[in-house]
């Protein structure tokens, strides 16, 4: 990059380098919280100075130098004068020592494990991962989650405090611990993806697009751990889901269900990439829930319509998912697949069984699934009542509008018939 | 998820509190606010003016028309509300139950619809 570099390119480069710079700094100095602040400040300085002066020859070296200077300023103001000399001595040592090949990667990965430390609450893990590994600023993260910046700043500093208090060290989890820790990392990435996938479109440059960010981070993790089948599975799941994004909302922001989406607007590139990923890992035999969910998404994405979807295969995959990761939502989705294979009555029978599950009983999705299957079976009043019940119970505004609209549309077809009795 | 906590009351009720009880109630409430601002879960807390200050605003032939009101039929009205952003309904219930006023009066807890569609 020479001449006047593009601000967006600089942003991407900075965020690519952020975890490497922070990892190197923490490995050298410890003090994760202070290092993280220093890296953010160095990035801010880069954003102001690089567009005018051009990107330095070694952007990473530049960031490391500036960040360690900031860190030392911090140390100086914090400690007594006699401590200052030590810090100066540390600063004088060259930072970019020859490293083992791959040390950057190990640092970045260690950093990710630290941000998703089990001592942190879910929201803290997410916020810290986006900031320290994703390189996003507090204001951007706050905008993405629609909370005030002060709230997000508080959440991040609490997260750092929790890391400090837990005594967690900047080191790779041991082999015993690693699968469980990686599972948390994947869960955090998936939560970030879902937050973005479900949120309304960002309203400007200040609101980062979270699902794109989750895909970027997962892609990066997949490069670091190419042999891990679940990492590949999660990346595939994200791509195959994100491929349908444009079709998922109408021009007015309304929700378009899978069956009514314009499949020609699905992103063929993302589908191809996702299908290739999941096809490569599934036969290898380390099957896990993300791979199976990706496989389900792939079957949907490769179908021309709901009618031509390979529902028996989807049902088989839900059976498998139910064994790997049983849960009420899996059972619910499986019931819908059963209905598509064996008819709505078979699905409705299963839903009746699920009603006794405390976790599902009042859940809008159970009512929405029942409404859908009742509609399939031709029971219009029943479907209308269930759509309305689901609309009352959802906590999502677009979903409530969709469900209410669906109920109104169906009730309208039956003009004059029991219109009053179906009202809430 | 965002949640709204609400408490109800009226001027008479506040005035009837014994001398030292009111500042003490405020102090306990301030401590509650500080605690949950600290955790990043309290987005804001707001006290409403007395109902005597409330107005009704309409537009009549394109022009604003402001009148006194509303004339409430209930004895108690919305006094204060808190906006939370927390991980789950359970957590919101926990915070609501920690509200100092919850000793004597119920605290209303309402989930706020989020602007996005839920995950599939």
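Every number here is computed from the coordinates shown, using simple stated rules; none is lab data. In this text, all values refer to a predicted model and were calculated from it rather than measured experimentally. Here the Cβ positions follow ideal geometry from the backbone for every residue, glycine too, while neighbour counts run over all protein chains shown.
Values computed for the structure shown
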| quantity | calculated |
| --- | --- |
| Virtual paramagnetic centre 7 Å along Cα→Cβ of residue A:224, amide N under 12 Å, in region A:13-43 | A:18-24 |
| Ranked by how many other beta carbons lie within 10 Å on average, peptides A:170-179, A:245-254 from highest | A:245-254, A:170-179 |
| Calculated FRET efficiency for the pair residue B:18/residue B:72, C-beta based, R₀ 30 Å, to 0.05 | 0.70 |
| 10 Å Cβ neighbours from other chains, averaged over peptide A:393-402 | 4 |
| Kirkwood-based Rg to Rh ratio, region B:1-110, C-alpha trace | 1.05 |
| Candidates A:300, A:363, A:372: whichever shows maximal mean-square fluctuation once chain A is modelled as a Gaussian network with Cα springs under 10 Å | A:363 |
| Centre separation in Å (Cα based) which lies between region B:33-102 and region A:246-261 | 34 |
| Distance from region A:106-137 to region A:1-78 (C-alpha centre basis), Å | 18 |
| Exercise: per-residue mean of other protein chain Cβ atoms within 10 Å, A:151-161 | 3 |
| Normalised alpha carbon radius of gyration of region A:38-78 [divisor 2.2 N^0.38 Å] | 1.19 |
| Debye log10 I(q)/I(0) at q = 0.21 Å⁻¹ for region A:285-361, Cα point scatterers | -0.95 |
| Tilt relative to chain A, helix A:32-53 - C-alpha long axis, 0 to 90 degrees, to 10 | 90 |
| Cα long-axis angle, helix A:59-78 against chain A (0 to 90 degrees, to the nearest 10) | 70 |
| Cα-Cα separations in region B:1-66 greater than 15 Å, expressed as whole percent | 70 |
| log₁₀ of I(q)/I(0) at q = 0.14, 0.15, 0.19, 0.31 Å⁻¹ - region A:122-173, Debye sum with one point per alpha carbon | -0.35, -0.40, -0.61, -1.24 |
| Kirkwood Rh (inverse of mean 1/r, distinct Cα pairs), region A:137-273, angstrom | 17.0 |
| Compactness of region B:72-118 - radius of gyration and Dmax, Cα, Å | 13.1, 38 |
| Cα convex hull of region A:327-413 - mean projected area over all directions, nm² | 5.2 |
| Share of Cα-Cα pairs in chain A lying beyond 43 Å, as whole percent | 23 |
| Equivalent ellipsoid semi-axes, region A:1-71, via Cα gyration tensor eigenvalues times 5, rooted, Å | 22, 10, 10 |
| Net lengthening on full extension, residue A:216/residue A:323 (0.36 nm per residue, minus Cα-Cα) | 35.5 nm |
| Estimated FRET transfer efficiency (residue A:258, residue B:28; beta-carbon r; R0 51 Å; 0.05) | 0.50 |
| Helical contribution to [θ] at 222 nm, DSSP H n ≥ 4, -39,500 (n - 2.57), averaged over chain A, rounded to 500 | -22500 deg cm²/dmol |
